[in-house]
Amino acid sequence: MRELGQQITRDYRDRDAHLVMVGVLKGAFVFLADLVRWVELPVVVDFMAVASYGASTRTSGVVRILKDLDEEITGRDVLLVEDIVDTGLTLDYLLSVLGARRPRSLKVCCLLDKPARRLRPVPVHYRGFEIPDVFVVGYGLDCGERYRNLNYIAVLHQEDAGRD
Ligand code: IMP
């Protein structure tokens, strides 16, 4: 968090307007909360809620916007904060929706990156960790809404996914 926050602080230091940090709900809520505390700049925090997965771990490929931004982003610096980039479908869609609003800049920060599963090439400007093709939970990440509160990130094995 400190390293990412310092990089972001360095890169946006000379901008005259507030950086708009956009958390993608629900998964990014823990990451964004920790990350913003390491960004030593005037920032505005906003959220978008999207649904790309159902109760299962399978990607549907369909992204729905459940909650849009409160902020106008035209002409502003926007940093999209994602928990994990997997197929890239969610990010690809969000970048096209937000890009159409003509922000001054639009960058991506993700905690975890699973490049092995990528279906769309998407830019990731700030990356916490690259991980292999495993399903992870905790620290905001869920499986069917469970495990978001874990204080660590764990690999969820298929045989554990349905268990109580
Ligand atoms: P993508 O559209 O396939 O890149 O998926 C992005 C979203 O899928 C993330 O924001 C997560 O909500 C969810 N997701 C992808 N991989 C995982 C995982 O390993 N654990 C939990 N959620 C995941």
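The values are calculated or read from the model by the stated rules, or taken from the named source; none is laboratory data. Because the structure is a prediction, the values reported are computed rather than measured. In this analysis, Cβ positions are derived from the backbone assuming ideal geometry, glycine residues included, and neighbour counts consider all displayed protein chains. For the accessible areas, the whole protein counts, side chains as well, though only heavy atoms, and no ligand, DNA or RNA atoms are used. Shrake-Rupley method; radii C 1.70, N 1.55, O 1.52, S 1.80 Å.
A few remarks follow.
- Accessible surface of the chain, 1.4 Å probe, proportion on carbon and sulfur as whole %: 49
- Per-residue surface analysis assigns D16 an accessible area of about 150 Å², computed on protein heavy atoms at 1.4 Å probe radius.
- Local electrostatic count, G27, Cβ distance below 10 Å [Lys/Arg +1, Asp/Glu -1]: -1
- The dipole here belongs to the stretch 99-164: it is taken about the Cα centre, uses +1 on the Cβ of Lys and Arg and -1 on the Cβ of Asp and Glu, and is about 700 debye.
- Cα long-axis angle, helix 2-12 against the chain (0 to 90 degrees, to the nearest 10): 30
- Cα gyration tensor, the chain - rounded (a/c under 1.5), prolate or oblate: prolate
- Once each of the trypsin sites (Lys or Arg not before Pro) sitting in a DSSP loop with at most 12 other beta-carbon atoms within 10 Å is removed, the chain keeps 59-162 as its longest stretch.
- Think of the chain as a dipole: +1 on every Lys or Arg Cβ, -1 on every Asp or Glu Cβ, centred on the Cα centre; then among F29, S96, C143, S96 lies furthest on the positive end.
- Of all DSSP-defined beta bridges confined to the stretch 89-164, some 50% are antiparallel rather than parallel.
- Think of a 1.4 Å ball rolled over the protein heavy atoms: the chain then has 55 Å² of accessible area per residue.
- DSSP beta bridges confined to the chain are antiparallel in about 25 percent of cases.
- Spatially proximal lysines relative to K67 (Cα-Cα < 16 Å; intrachain offsets below 8 disregarded): K26
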